[in-house]
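The values are calculated or read from the model by the stated rules, or taken from the named source; none is laboratory data. Owing to the predicted nature of the structure, the values given are computational and were not obtained by experimental measurement. Glycine also receives a Cβ, built like all others from the backbone with ideal geometry; neighbour counts cover every protein chain displayed. When the accessible area is computed, the model is the full protein with side chains, heavy atoms only, and any ligands, DNA or RNA have been set aside. Shrake-Rupley method; radii C 1.70, N 1.55, O 1.52, S 1.80 Å.
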Amino acid sequence: MKHFRVHRRFFSFVQAVSLCILPVLAEAQNLPAPADRNQLSDFVVQQRADKLLKQMTTDEKIGQMSQIFVFGNGLSVEERIRSGRVGSVLFMTDPAQINHLQHVAVDGTRLHIPLLFGLDVIHGFRTIFPVPIGMAASWDPQMVERAQSVAAEEARAAGVHWTFGPMVDIARDPRWGRIVEGAGEDPYLGSAMAAAQVRGFQGQYIGSPNHILACVKHFAGYGAAEGGRDYDESDISDDQLWNVYLPPFKSAVDAGVVTLMSAYMDLNGVPATGNKWLLHDVLREDWHFKGFVVSDNEAVKSLQTHGFAKDSTDAAIRAFDAGVNMEMALGKTAYGENLPEALKAGRITISQIDDAVRPILEAKIRLGLFEHPYVDETLAKKTINDPEHRAEALHSAERSAVLLKNDGGLLPLQASRYKTIAVLGPLADSKVDTTGSWVFAGDSSETVTVFEALQQEVGAEAHVEYAQGVQIARKFPSPFDGISKVKKQAAWSESQSAEEFARAVQLAGNSDLTIMVLGEAQNMSGEDASRSSLALPGKEEQLLEAVVATGKPVVLVLMNGRPLDIRWASEHVPAILEAWYPGTQGGNAIVNLIYGKAVPGGKLPFTWPRNVGQVPIFYAHNTTQAPSAQDKRYWNEESTPLYPFGFGMSYATFSFSNLQLSKPEVKTNETLDVSVDVENTSEMAGDEVVQLYLHQQSGTSSRPVRELKGFRRVSLSPHEKKTIHFTIGKDDRTYWSSATKSWVIDSSQFDVWVGGDSTASLHGAFSVLP
Ligand code: NOJ
């Protein structure tokens, strides 16, 4: 026994030595990553970062904490890089230009530290996928993971190392334009989408080949901007913050996200970018986040604008002290201008600076940038033109679409019945609008519009003709129009507008079928794209009504990033397909869906209001007084949504039955199994998203009427039946209570509903005992 112990000790000594030596050897020889690289590389990475830190001057360290835009500086970017005052550059998409600046950093600086190139790769780089709200509507995290890994591969091939995504802000007010960039209103769906996107961008570990760093944003509460006005302050109760707004961020951190972006706005009176409670206590102390935080653009200097910091020095010190490692700025950084003095004055310490810089260096080391700072420009060309990527984009667009209405089974179209087809609307043949916002490197010539795809589909079998009908435009231009180089159509005169309108209506009247593609132009949705109305913009509604009045069948395809006021359409148009901004393959996907080559299976990731006056409206509300009048909270109109959260139709039909709970009672820390049978009751194959909702009947706090706690997208052949299982664990019943200011798990009665949307009626119940 003793002998064995000696042996074992000796063995662990050898093991410990080799664990220390192997990484050093690997580093020295630049060996490829070993299988257990994650564990071993921590040692290598830390050693290497510390070694570098020891050689760096204070200015070089602060330089690493500065990120600048490649444009709009008024300062020479190259000169600043050469003087070691830049750690990261954003907004470059061209591999040759990226290589050029990287050479300036690597060859032209004392310690040869490579730059990190960042870009908003939000829903694709060259191959554009549906906008994030659309991808969330797929309720298919695996698909979303694949889409973001394609985006990562293309971006990395072009020399981009870091995306400012995913955006995981919960949004319950669709006036806010950035609802398009997130996963909607629900923390459970939002958390699943957050983790999937982090995995997609980053791969299995930081530095996985063909992957990039993710940056979860905007930490935190940006989606609750007052009045839906972008950049305005958020006032969020601690109940809502912990239970609704923070969970997707926590999910991203648990999935290993390496960076976070601090938000622009005040959160409950303290700017997020100077919020030590948020950036330190929650993020680092509570969640054990080990990566780094970058500010949103100019957000450090803005601390002064907020009436928070007294001057630029105070702004730099407070952001730094709160936990912002890197400052994103257009011109000079407040960090570069002020932190050296602050250090001399003893207001910050060098060890604080080292702690801030270390994770930035570690990220560069993990990405392998010291060994491979440059991108192979020939590879870039091949990778971004990969036809497999277009196939993924097509698949994603098909899976993201949501069928909102299909009276009389108009869809899928019977091709032989429609020999003349009118395609109408300002979005029907617009490539930029088909791809949506945040597209900087996409090649619009590759984008397929609905009109183009339809012509291709019907060939000589039918005559397809297009008329725009109306023009739509923002009253105030978007600051992004210049950046995304959108070609503007000249505004029509009044008489021309009348002619175009009449021509479109006449075309519809002379055709067997009309497909109208309406919604918002891409620049009406996204950053700086808030609206005080949800109406169809311009004269789209009038055009729709005039076309329906022709009596010919109409299919309405919507392209938008927020729910719109489509009350009239929901009553008078037989078929409505929500396509979002579907991306490069958008037209093909829509045509496949309307001709039945693909079957819609997406579900709404938000509650669709009837009109803007109902906003905010979300399914997981609490009930208080007079619950029986929940649908009549306004005296002029129903207070129910137009379409509930989780809603979406298929060409197939489904039924749910046999809800089984493994136990009628559980203890607080026990789990239970819930199973349900879902059956395709039609002759068509299709997908159903099985959704599980929970309601806690009593507790330390009052709880929402129902909350999503499980979902699965299931494919079913005609008449196929499947049994789906969900596990309800302790975490699903834990919530943050503002009564105790702590996480609680109560003993209570619980309701369970399972079905195809948030109004699911198949019910079960169980008790949680103390
Ligand atoms: C400002 C936006 O709020 C943020 O989401 C984006 O990543 C940065 N600009 C960089 O483009």
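I need the peptides 431-437, 315-321, 281-287 ranked by packing, meaning the mean over residues of other C-beta atoms within 10 angstrom, with the highest value on top.
The packing order, highest mean first, is 431-437, 315-321, 281-287.
If the chain between S662 and S445 were fully stretched, how many nm would it gain, using 0.36 nm times the residue separation less the Cα-Cα distance? Provide the component values of the computation, followed by the final result.
Values: separation 217, 0.36 × 217 = 78.12 nm, distance 5.49 nm.
Contour length minus the Cα-Cα distance gives 72.6 nm.
For the chain, take the longest principal axis of its alpha carbons; what is the angle in degrees between that and the long axis of helix 141-157, to the nearest 10 within 0 to 90?
60
Once both axes come from the Cα atoms, what is the angle between helix 2-29 and the longest principal axis of the chain, in degrees from 0 to 90, rounded to 10?
80
Could you check how much of the accessible area of the chain is carbon and sulfur, as a whole percent, using a 1.4 Å probe?
Summing carbon and sulfur atoms, their accessible area is 51 percent of the total for the chain.
In the neighborhood of E679, defined by Cβ-to-Cβ distances under 15 Å, what is the net charge if each Lys or Arg adds +1 and each Asp or Glu adds -1?
Result for the local shell: -2.
Please report, in whole Å, how far the alpha carbons of segment 258-362 spread along each principal axis, starting with the longest.
The principal-axis extents, from largest down, are 32, 31, 24 Å.
What do you reckon, how do S83, S748 stack up by accessible area (1.4 Å probe), largest on top?
Greatest to least solvent exposure: S83, S748.
What whole-number value in Å² describes the accessible area per residue of segment 686-770 for a 1.4 Å probe?
41
Count the net charge of all other residues whose Cβ sits under 11 Å from the Cβ of G729, scoring Lys and Arg as +1 and Asp and Glu as -1. Write out the running numbers ahead of the final one.
Working: positive: K709, K730, R733; negative: E670, D673, D731, D732.
That works out to -1.
Taking a probe of 1.4 angstrom, what is the accessible area of R175 in Å², to the nearest 10?
In the full protein context, R175 sits at about 60 Å².
For the chain, what does the helix formula give at 222 nm: sum of -39500 (n - 2.57) over DSSP H segments with n ≥ 4, over the residue count, nearest 500 deg cm²/dmol?
-9500 deg cm²/dmol
What list of whole percents do you get for P(r) of the chain, with Cα-Cα distances grouped in 10 Å bins up to the one holding the largest distance?
3, 13, 23, 24, 19, 12, 5, 1, 0, 0, 0
Quick one: the Cα spread of segment 667-765 along its three principal axes, in angstroms, biggest first?
53, 24, 18
Angle between the Cα long axis of helix 95-108 and the longest principal axis of the chain, 0 to 90 degrees, nearest 10?
Helix 95-108 and the main axis of the chain meet at about 10 degrees.
Points 7 angstrom from Cα along the Cβ direction at K310 and T681: gap in nanometres?
My value for the distance between the label points is 7.1 nm.
Arrange the residues F71, F370, F164 by how much accessible surface each exposes, largest first, with a 1.4 angstrom probe.
The residues order as F71, F370, F164, largest area first.
Could you provide, to the nearest whole Å², the per residue accessible area of segment 450-552 with probe 1.4 Å?
Per-residue accessible area for segment 450-552 comes out at 50 Å².
Place a label point 7 angstrom from the Cα of K382 along the Cα-to-Cβ direction, then list the residues of segment 148-183 whose backbone nitrogen is under 17 Å away.
Of the residues in segment 148-183, 153-159 have backbone N under 17 Å from the label point off K382.
Might you report the magnitude of the Cβ-based charge dipole of segment 289-332 about its Cα centre, with Lys and Arg at +1 and Asp and Glu at -1, to the nearest 20 debye?
60
Direction-averaged shadow area of the convex hull around the Cα atoms of segment 96-234, nm²?
With the hull built on Cα positions only, its mean projection is 9.4 nm².
Near K61, which aspartates and glutamates are there with a Cα under 14 Å away, not counting those fewer than 8 places off in the same chain?
Those aspartates and glutamates meeting the cut-off are D50, E327, E337, E341, D354, D355, E362.
Which whole-angstrom value gives the distance between the alpha carbon centres of segment 568-623 and segment 40-66?
Centre-to-centre distance over Cα atoms comes out at 49 Å.
Per 0.36 nm of contour for each residue apart, how much would the distance between R633 and L111 grow if the chain were fully extended, relative to their Cα-Cα spacing?
Details: separation 522, 0.36 × 522 = 187.92 nm, distance 6.55 nm.
Difference between extended and current length: 181.4 nm.
Give me Rg/Rg_expected for segment 526-612, where Rg uses Cα atoms only and Rg_expected = 2.2 N^0.38 Å with N residues.
Computed over Cα atoms of segment 526-612, the ratio equals 1.15.
Excluding ligands, DNA and RNA, what is the solvent-accessible area per residue of segment 368-441 at a probe of 1.4 Å, expressed in Å²? Please report the intermediate quantities before stating the final value.
On the way: 3030 Å² over 74 residues.
About 41 Å² of surface per residue is accessible.
So for segment 589-726, taking the charge dipole from beta-carbon charges (+1 Lys/Arg, -1 Asp/Glu), which of S675, T700, W608 sits furthest toward the positive end?
Of the listed residues, the answer is T700.
Could you tell me which residue out of V439, V450, S400 lies farthest along the dipole of segment 398-484 toward its positive end? Charges go on the beta carbon: Lys and Arg +1, Asp and Glu -1, centred on the Cα centre.
S400
Of the options A685, N523, M326, report the single residue whose Cα projects farthest towards the positive end of the charge dipole of the chain (beta-carbon charges: Lys, Arg +1; Asp, Glu -1).
Of the listed residues, the answer is M326.
What number do you get for segment 204-331 when its Cα radius of gyration is normalised by 2.2 N^0.38 Å, N = residues?
Cα-based Rg divided by the globular estimate yields 1.03.
Rounded to whole Å, give me the distance from the Cα center of segment 432-477 to that of segment 737-770.
Cα centroid of segment 432-477 versus Cα centroid of segment 737-770: 45 Å apart.
Lys and Arg at +1, Asp and Glu at -1: add these up for the other residues within a Cβ distance under 9 Å of G756 and post the number.
Once positives and negatives cancel, what remains is -1.
At q = 0.15, 0.16 Å⁻¹, what is the log10 ratio I(q)/I(0) for segment 224-298, with the Debye formula run over Cα points and no solvent?
The Cα Debye sum returns log10 ratios of -0.51, -0.58.
Given R₀ = 56 Å, what would the calculated FRET efficiency be for L330 paired with S761, taking r from the Cβ atoms and rounding to 0.05?
Details: r = 53 Å, r/R0 = 0.95.
After rounding, the FRET efficiency stands at 0.55.
In whole Å, what is the distance between the alpha-carbon centres of segment 150-204 and segment 292-344?
What the calculation gives is 26 Å, centre to centre.
Report, to one decimal in Å, the Kirkwood hydrodynamic radius for segment 606-706 based on all distinct Cα pairs.
Roughly 16.9 Å, rounded to one decimal.
Given a Förster radius of 22 Å and the C-beta distance between T349 and E79 as r, what FRET efficiency does 1/(1 + (r/R0)^6) yield to the nearest 0.05?
Taking R0 as 22 Å, the efficiency between T349 and E79 is 0.15.
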